[in-house]
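Participant: Take a look at this one; I'll ask things after.
The values are calculated or read from the model by the stated rules, or taken from the named source; none is laboratory data. Please read these numbers as outputs of a predicted model, since none were measured by experiment. Note that we place each Cβ from the backbone using ideal geometry, even for glycine, and neighbour counts take in every protein chain shown. For accessibility, only protein heavy atoms count, side chains too; no ligands or nucleic acids. Shrake-Rupley method; radii C 1.70, N 1.55, O 1.52, S 1.80 Å.
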Amino acid sequence: MGSDAASAVSAVWRLESARLVAGLTRMTNDVGLAEDLAQDALLAALEQWPADGIPKSPGAWLMAVAKRRAVDHFRRAETLRRRTAELGHELEETHVPDLDAAVDHIEDDVLRLIFLTCHPALPPESRAALTLRLVGGLTTQEIARGFLVKDATVGQRISRAKKSLAGADFELPVGQERERRLADVMSVIYLIFNEGYSATAGDDWMRPDLCLEGVRLARMLAHLEPGEPEVHGLQALLEIQASRVRARTREDGTPVLLEDQDRRLWDQLLIRRGLAALERAERLGKPVGPYVVQAAIAACHARARTAGETDWARIAGLYDVLAEVAPGAVVEVNRAVAHGRAHGAQRGLAVLDEVDERALAQSHLLPTVRGDLLARAGRASEAAAAFREAASLTRNESERKLLLDRADEIS
Amino acid sequence: MRYIAFVKMAEDVGEPPAALVEAMGKEMGEAFAAGWMVDAGGLYPPAQSTEIRVTGGSITVTDGPYAEVKEVIGGYSILEMQSQQEAVAAARRVAELHREHWPEWEGSVEVRRISGPDEGPPSQG
């Protein structure tokens, strides 16, 4: 029973901590204090649940305990203030906040908390750590394992972040500020997801699944901010990318290109959820941004049962849109690939010729794609030269071999 | 990791009280909003089910209802969690809600891990 109750406490914590910390931050207007109070409640649970059993509504139990601690805290502060005041001026009315009135609108509180943990005053890596800690309910140790850094590093990032946020506004931003802050929140969630997505295979089994946590945060955000197409776009993009996790690496950890993946390994439940989220984004009928467009591209691949059925014409059109809303050299290279597939290698090469080579000077991406398009255009010797150039630029041994093999095959 | 939770009960248990339906609706809504519930559904009774069974090299197809079935699956939910304990904590809430809003109800919530997408197929032991 003892260890059952202890593991139940940490499990309940993960499920409830966002709402708990969010509600307490609203009450106390201090995210650091809110987390301390929530942690106090967690300690009380670890003491009491093994003896008394798991309460009927564990979340409500934790909130009730944390609120009592909050009242104690403010009473102590109030007593101190009175004593100080008695020395000087007259007494004002009580400063203990009306905690019950503050527990309304818990959903808004969670949204406020996410805006706070992704605050622009914090460096990006601190935003991710604080979000995982306070919204995701992960421990400092789990976050450290997720990012492959030392526990102490994450601990410092979190405590510094909480200090920088003392006195930060817990109100929801409005207007253009809200749009900007929402973009910050989305990029933090995307960063968390990618940290898990780009992780090498064969990892420590204790490493928490940051992909899963990233998709979960995106789903949360979509429920909290349902009127914003980009939020659904982000969810759709992450659901569809996550659907390929099992297909995108071989057993030895080497990556498998999208076109070579065994599509039977794609997770159809996540694809369905991704397509549904994309539909929600499009149904809003508002202008869309990079997440919705990228999700629409991912959806084209997800809908194709074989690589040969891919609707490249539609993907090429979507890359044209993406190049407008999120210009960049990598987008242009991908646009060249799509046009090459959709409209012939010549058209792809034409797009590629416009790419600013300096932006990708140290990367093998440009010569790899050029080699592929040249090969498709039947220009064998130029293609072989491009593949050899790409091979000289990659730092990955198996990739270098793959590129040199292609160069040899063609010449 | 992905888990499926089945709610199992006697076949003749009857209709759930409105209070339970409401409480379960709220709980599920919150679980979807929190992002860890990815699918859920109720099942029609076994009277409307069909079993295709292979025995001794031949296939027999039998329509429900079936005699001598003690418990049937009434519904399922699919959860994405970092650990089995989290899935159990969520499933326990479902059991608590049944106990609270439908005192005469007896049954169980079973939590099973689903293989993949983060791993290969399970070894059958």
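Participant: Given the criteria open to solvent by 20 Å² or more (accessible area, probe 1.4 Å), more than 19 Å from A:PRO290 (Cβ to Cβ) and not basic (Lys, Arg), does A:GLU213 qualify? Even if it seems obvious, please write down each step before you answer.
Facilitator: Values: open to solvent by 20 Å² or more (accessible area, probe 1.4 Å): no; more than 19 Å from A:PRO290 (Cβ to Cβ): yes; not basic (Lys, Arg): yes.
When the stated conditions are applied, A:GLU213 does not pass them.
Participant: Determine whether B:ILE73 is in contact (Cβ under 8 Å) with a residue 60 or more places away in the chain and of a type in the set (Val, Ile, Thr).
Facilitator: yes
Participant: For region A:295-327, name all the residues that are among the charged types (D, E, K, R) and outside any loop (DSSP other than H, G, I, E, B).
Facilitator: If the condition is that a residue be among the charged types (D, E, K, R) and outside any loop (DSSP other than H, G, I, E, B), then A:ARG303, A:GLU309, A:ARG314, A:ASP320, A:GLU324 are the ones that fit.
Participant: Answer yes if at least one residue in region A:329-340 is among the hydrophobic types (A, V, I, L, M, F, W, C) and within 14 Å of chain B (Cβ to nearest Cβ), and no otherwise.
Facilitator: So the first thing to find is which residues in region A:329-340 are among the hydrophobic types (A, V, I, L, M, F, W, C), and the list is A:329-331, A:333, A:336-338.
In the following step, the residues that additionally are within 14 Å of chain B (Cβ to nearest Cβ) were identified as none.
Taking every residue of region A:329-340 in turn, none turns out to be among the hydrophobic types (A, V, I, L, M, F, W, C) and within 14 Å of chain B (Cβ to nearest Cβ).
Participant: Among the residues that make up region A:175-198, is at least one of them among the hydroxyl-bearing types (Ser, Thr, Tyr), modelled with pLDDT of 90 or more and open to solvent by 10 Å² or more (accessible area, probe 1.4 Å)?
Facilitator: Yes - at least one qualifying residue is present in region A:175-198.
Participant: Which condition from (1) farther than 30 Å from A:ASP267 by Cβ; (2) open to solvent by 10 Å² or more (accessible area, probe 1.4 Å); (3) modelled with pLDDT under 95 is the one that A:ASN396 breaks?
Facilitator: Only one criterion is unmet by A:ASN396, namely (1).
Participant: Look at region A:270-294 and say how many of its residues are part of a helix (DSSP H, G or I), open to solvent by 20 Å² or more (accessible area, probe 1.4 Å) and not basic (Lys, Arg).
Facilitator: Taking region A:270-294 and keeping what is part of a helix (DSSP H, G or I), we get A:270-283, A:290-294.
If we keep only those that are open to solvent by 20 Å² or more (accessible area, probe 1.4 Å) as well, we get A:272-273, A:275-276, A:279-280, A:282-283, A:290-291, A:294.
Now narrow it down to the ones that are not basic (Lys, Arg): A:275-276, A:279, A:282, A:290-291, A:294.
Total satisfying the criteria: 7.
Participant: If you don't mind, there's one more thing I want to ask. Being modelled with pLDDT under 90 and under 21 Å from A:ARG180 (Cβ atoms) is the filter here; which residues of region A:78-129 pass it?
Facilitator: We begin by selecting, within region A:78-129, every residue modelled with pLDDT under 90; these are A:78-108, A:124-125.
Selection gives A:ASP108, A:PRO124, A:GLU125.
Participant: Sticking with this structure for a sec: Yes or no: B:ALA5 at pLDDT 95 or above, surrounded by 12 or more Cβ atoms within 10 Å (Cβ to Cβ) and touching a Ser or Thr at 6+ places or on another chain (Cβ under 7 Å)?
Facilitator: yes
Participant: If you don't mind, another one. What pairs come out if I take residues in region A:62-78 that are in the same structural domain as A:ASP30 (by TED's automatic domain parsing) and pair them with residues that are of a type in the set (S, T, N, Q) whose C-beta lies under 7 Å away, six or more apart or interchain?
Facilitator: Here the result reads A:ALA70/A:THR28; A:GLU78/A:THR94, each pair linking region A:62-78 to a residue that is of a type in the set (S, T, N, Q).
Participant: Tell me which residues, restricted to region A:236-257, are at pLDDT below 90 and either open to solvent by 30 Å² or more (accessible area, probe 1.4 Å) or out of contact with any Asp or Glu (no Cβ under 9 Å at 6 or more places or on another chain) (or both).
Facilitator: A:VAL245, A:ARG246, A:ARG248, A:THR249, A:ARG250, A:GLU251, A:ASP252, A:GLY253, A:THR254, A:PRO255, A:LEU257
Participant: Right, something else. For region A:221-231, indicate whether the set of residues that are more than 13 Å from every other protein chain (Cβ to nearest Cβ), closer than 23 Å to A:ALA128 by Cα and outside any helix (DSSP H, G or I) is non-empty.
Facilitator: Yes; the residues of region A:221-231 include at least one that is more than 13 Å from every other protein chain (Cβ to nearest Cβ), closer than 23 Å to A:ALA128 by Cα and outside any helix (DSSP H, G or I).
Participant: Output the number of the condition that B:VAL21 fails; it satisfies all remaining conditions of (1) open to solvent by 60 Å² or more (accessible area, probe 1.4 Å); (2) farther than 19 Å from B:TRP102 by Cα.
Facilitator: (2)
Participant: In region A:121-180, what count of residues is obtained for those that are at positive phi and assigned to a helix (DSSP H, G or I)?
Facilitator: 1
Participant: Taking the stated definitions as given, is A:ALA18 open to solvent by 20 Å² or more (accessible area, probe 1.4 Å), in contact (Cβ under 8 Å) with a residue 40 or more places away in the chain and not assigned by TED's automatic domain parsing to the domain that holds A:LEU165?
Facilitator: So A:ALA18 does not fit the description; no.
Participant: When A:LEU191 is evaluated against the numbered criteria (1) in contact (Cβ under 8 Å) with a residue 60 or more places away in the chain; (2) within 11 Å of chain B (Cβ to nearest Cβ); (3) farther than 20 Å from A:LEU284 by Cα, which criterion, by number, is the only one it fails?
Facilitator: (2)
Participant: Restricting to region A:329-339, name every residue that is open to solvent by less than 20 Å² (accessible area, probe 1.4 Å) and either within 8 Å of A:VAL369 (Cβ to Cβ) or among the polar types (S, T, N, Q) (or both).
Facilitator: A:VAL333, A:ALA336, listed by residue number.
Participant: Further question: Hey, can you tell me all the residues within region A:276-295 that are within 14 Å of chain B (Cβ to nearest Cβ) and under 21 Å from A:VAL325 (Cα atoms)?
Facilitator: A:ALA277, A:ARG280
Participant: Oh, and also: Could you grab me the full set of residues in region A:242-267 that are within 12 Å of chain B (Cβ to nearest Cβ) and closer than 16 Å to A:CYS300 by Cβ?
Facilitator: Result: A:SER243, A:ARG244, A:TRP266.
Participant: Considering only residues that are open to solvent by 70 Å² or more (accessible area, probe 1.4 Å) and within 14 Å of chain A (Cβ to nearest Cβ), look in region B:41-87 and name the one that is farthest from A:GLU239 (Cα to Cα).
Facilitator: First, the residues of region B:41-87 that are open to solvent by 70 Å² or more (accessible area, probe 1.4 Å): B:43-44, B:48, B:50, B:52-57, B:59, B:61, B:63, B:65, B:67-68, B:70-71, B:84-85.
Add one more test, that the residue is within 14 Å of chain A (Cβ to nearest Cβ), and what stays is B:84-85.
Values: B:GLN84: 22, B:GLN85: 24 Å.
Within region B:41-87, the match that is farthest from A:GLU239 (Cα to Cα) is B:GLN85.
Participant: Another one. Which condition does B:VAL38 not pass, out of (1) of a type in the set (A, V, I, L, M); (2) away from every other protein chain (no Cβ under 14 Å); (3) open to solvent by less than 70 Å² (accessible area, probe 1.4 Å), if it passes all the others?
Facilitator: Among (1) of a type in the set (A, V, I, L, M); (2) away from every other protein chain (no Cβ under 14 Å); (3) open to solvent by less than 70 Å² (accessible area, probe 1.4 Å), the lone unmet condition for B:VAL38 is (2).
Participant: Which residues, counting only those in region A:386-399, are in contact with a helix residue (DSSP H, G or I) (Cβ under 8 Å, 6 or more places away or on another chain) and farther than 15 Å from A:GLN362 by Cβ?
Facilitator: A:ALA386, A:PHE387, A:ARG388
Participant: If you don't mind, another one. For the condition at pLDDT 90 or above and open to solvent by 20 Å² or more (accessible area, probe 1.4 Å), what is the one hit in A:TRP49, A:TRP61?
Facilitator: Result of the check over A:TRP49, A:TRP61: A:TRP61.
Participant: Mind counting the residues in region B:96-111 that are open to solvent by 40 Å² or more (accessible area, probe 1.4 Å) and in a helix (DSSP H, G or I)?
Facilitator: Residues meeting the conditions: 3.
Participant: Then there is this: Any chance region B:81-93 includes a residue that's hydroxyl-bearing (Ser, Thr, Tyr) and modelled with pLDDT of 95 or more?
Facilitator: Within region B:81-93, not a single residue is hydroxyl-bearing (Ser, Thr, Tyr) and modelled with pLDDT of 95 or more.
Participant: Out of region A:353-377, which residues are open to solvent by less than 60 Å² (accessible area, probe 1.4 Å) and without any contact (Cβ under 8 Å) to a residue 12 or more places away in the chain?
Facilitator: A:ALA361
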